[in-house]
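The values are calculated or read from the model by the stated rules, or taken from the named source; none is laboratory data. In this text the structure is predicted, and so the values were computed from the model without any measurement. Cβ coordinates were reconstructed from backbone atoms using ideal geometry, including for glycine residues, and neighbour counts include every protein chain displayed.
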Ligand code: AHR
């Protein structure tokens with residue numbers, strides 16, 4: 001018998017929208033993310049504008065990245081923004097204690113970051129320093145960024161070449177305050193949050209969307225304490241969840257050389273995101289039944305050992321078909337929780353962790369994960385369509401996971417998109433989709449797949465894994481049968 005999954009499109013549309021900000025990215029001052037990734041010197045012979053690589057910018061523009069989180073991560077709570085403005089020669093150097101103890105020359109600061117966001121056509125999401133910074137420092141930074149008036153901060157901004165404010169709105173009040181961001185208890189941080197938040201002022205045209213440090217993984221007590229003490233005095237509460245193939249922070253497992261057990265474990269950890277969101281949301285519901293506070297998953301992705309021979313503090317890892325399947329499944333989970341998840345940030349864009357882009361001097365490659373974001377960009381700001389799905393199991397030994405996951409939306413042109421993932425490494429699965437009375441016709445399809453879950457794109461073979469046209473769809477009446485090969489991500493378009 002053929003293995004089958006069944007899906008039903010809803011008869012009525014929901015009024016929920018999948019926020020484009022779910023497709024956000026994160027770039028920290030870490031390894032070759034900023035320096036050597038986005039920013040290169042004259043020794044790297046590629047087209048650039050003010051030291052920023054245009055090939056990287058163009059690639060990210062193509063997938064419409066909606067926002068970029070910066071400057072950290074752990075780096076954010078040691079960052080002093082005033083050291084990184086003004087003439088380059090006057091900028092203060094510091095040691096990046098979290099990431100390899102390298103010297104940070106602060107040549108990429110506030111102005112450079114906001115120029116990059118404007119080149120990328122995306123919104124900035126800045127994480128402020130709570131761990132080692134003062135309330136005044138954070139308050140001044142916001143004034144420098146957002147006030148259109150006369151003050152010493154705006155004078156300084158103008159002297160540094162920027163007349164008008166940038167109107168930054170996404171604002172992180174610290175990062176991982178339970179760990180590298182100050183080692184605080186939930187109770188202590190929630191009091192600190194309120195104090196910093198009071199002086200994080202809204203200026204005309206720039207109402208801040210303040211995002212509180214949230215839990216890591218299943219720390220439900222953190223969410224409970226924050227919601228109880230801060231309630232709706234925040235725009236969002238963050239959540240961090242990384243998938244470590246071996247499940248431990250020491251030897252995490254190789255990015256390229258792994259067996260089915262580690263493949264299964266990594267996907268299991270990725271799919272655990274659904275339970276995390278469900279349980280954290282249920283706690284939030286008690287204090288915020290109208291769901292005004294967003295859950296902001298501002299760090300997620302696969303975290304493996306670094307590539308052999310590279311600096312362990314630089315977190316440079318390859319990116320496989322496995323990682324693409326995890327990304328596609330996670331984005332389906334976010335779409336299906338769009339009532340609560342309004343923003344998310346994959347860690348970390350270029351050359352760090354589950355990157356979209358890897359560079360080596362002049363060379364650049366797009367990872368399998370990049371192609372998932374390319375496929376899924378159609379869901380951005382589209383109307384959410386809740387699917388009913390039954391999936392066969394992907395069985396490994398005595399353990400199992402749902403082989404298929406999916407999500408759907410309708411865009412402003414009335415086009416329905418369904419993204420389907422088959423994580424089973426061996427079985428082709430027919431997804432039977434009941435379109436009900438929707439009267440839709442198949443328009444186009446695209447697929448990302450590869451023979452082995454360990455397959456990767458390399459600088460020598462950069463296009464081994466990429467999206468190609470997919471036509472394996474049979475239509476009979478109101479039923480579509482989509483043949484999903486093992487290890488595949490498929491996007492179909494109906495109208
Ligand atoms: O993304 C790498 C690090 O992971 C971030 O700096 C920190 O927030 C998290 O622990």
What are the pairs with Cβ atoms under 7 angstrom where one residue, in the stretch 249-262, is outside any loop (DSSP other than H, G, I, E, B) and the other, located anywhere, is surrounded by 19 or more Cβ atoms within 10 Å (Cβ to Cβ)? Sequence gap at least six, or different chains. 260/425; 262/245; 262/253
Out of (1) crowded, with 20+ Cβ neighbours inside 10 Å; (2) part of a loop (DSSP other than H, G, I, E, B), the odd one out for residue 326 is which? (2)
Being within 16 Å of the ligand (Cβ to nearest atom) and under 17 Å from residue 298 (Cβ atoms) is the filter; apply it to the stretch 183-217 and report the residue that is surrounded by the fewest Cβ atoms within 10 Å (Cβ to Cβ). 217
Output for the stretch 96-127, where each listed residue is touching a strand residue (DSSP E or B) at 6+ places or on another chain (Cβ under 9 Å), assigned to a loop (DSSP other than H, G, I, E, B) and away from the ligand (no atom under 16 Å from the Cβ): 105, 106, 107, 108, 122
For the stretch 17-34, which positions are surrounded by 19 or more Cβ atoms within 10 Å (Cβ to Cβ) and away from the ligand (no atom under 16 Å from the Cβ)? 18, 19, 20, 21, 22, 23
Can you tell me which condition residue 309 does not meet? The list is (1) in contact (Cβ under 8 Å) with a residue 60 or more places away in the chain; (2) away from the ligand (no atom under 16 Å from the Cβ), and all the others hold. (1)
Only one of 94, 119 is touching a helix residue (DSSP H, G or I) at 6+ places or on another chain (Cβ under 6 Å) and surrounded by fewer than 21 Cβ atoms within 10 Å (Cβ to Cβ). Can you tell me which? 119
May I ask you to list the residues in the stretch 146-156 that are touching a helix residue (DSSP H, G or I) at 6+ places or on another chain (Cβ under 8 Å) and without any contact (Cβ under 8 Å) to a residue 60 or more places away in the chain? 147, 148, 151, 153, 154
For the stretch 370-378, check the following and say yes or no: at least one residue is under 24 Å from residue 303 (Cα atoms) and assigned to a strand (DSSP E or B). no
Taking the stretch 470-495 and keeping only residues that are part of a strand (DSSP E or B) and more than 12 Å from residue 431 (Cβ to Cβ), one is left with 475, 476, 489, 491, 493, 494
Taking the stretch 433-445 and the residues there that are buried (at least 17 other Cβ atoms within 10 Å of the Cβ) and at pLDDT 95 or above, the one that is nearest to the chain's Cα centre (by Cα) would be 445
Please go through the stretch 218-243 and pick out each residue that is touching a helix residue (DSSP H, G or I) at 6+ places or on another chain (Cβ under 7 Å) and either within 23 Å of residue 423 (Cα to Cα) or surrounded by fewer than 22 Cβ atoms within 10 Å (Cβ to Cβ) (or both). 218, 220, 221, 224, 225, 228, 229, 230, 231, 233, 241, 243
One residue from 231, 214 being out of contact with any strand residue (DSSP E or B) (no Cβ under 7 Å at 6 or more places or on another chain) and touching a residue at least 40 places away in the same chain (Cβ under 8 Å): 231
Within the group 176, 155, 143, 123, which residue is more than 21 Å from residue 76 (Cα to Cα) and modelled with pLDDT of 95 or more? 155
Note: among 60, 88, 92, 7, just one is modelled with pLDDT of 95 or more and either under 22 Å from the mean Cα position of the chain (by Cα) or within 16 Å of the ligand (Cβ to nearest atom) (or both), namely 60
Out of 299, 307, 260, which single residue is surrounded by 24 or more Cβ atoms within 10 Å (Cβ to Cβ), assigned by TED's automatic domain parsing to the domain that holds residue 356, out of contact with any helix residue (DSSP H, G or I) (no Cβ under 9 Å at 6 or more places or on another chain) and on the phi < 0 side of the Ramachandran plot? 299
Test residue 247 against the stated conditions and say whether it is more than 15 Å from the ligand (Cβ to nearest atom) and modelled with pLDDT under 95. no
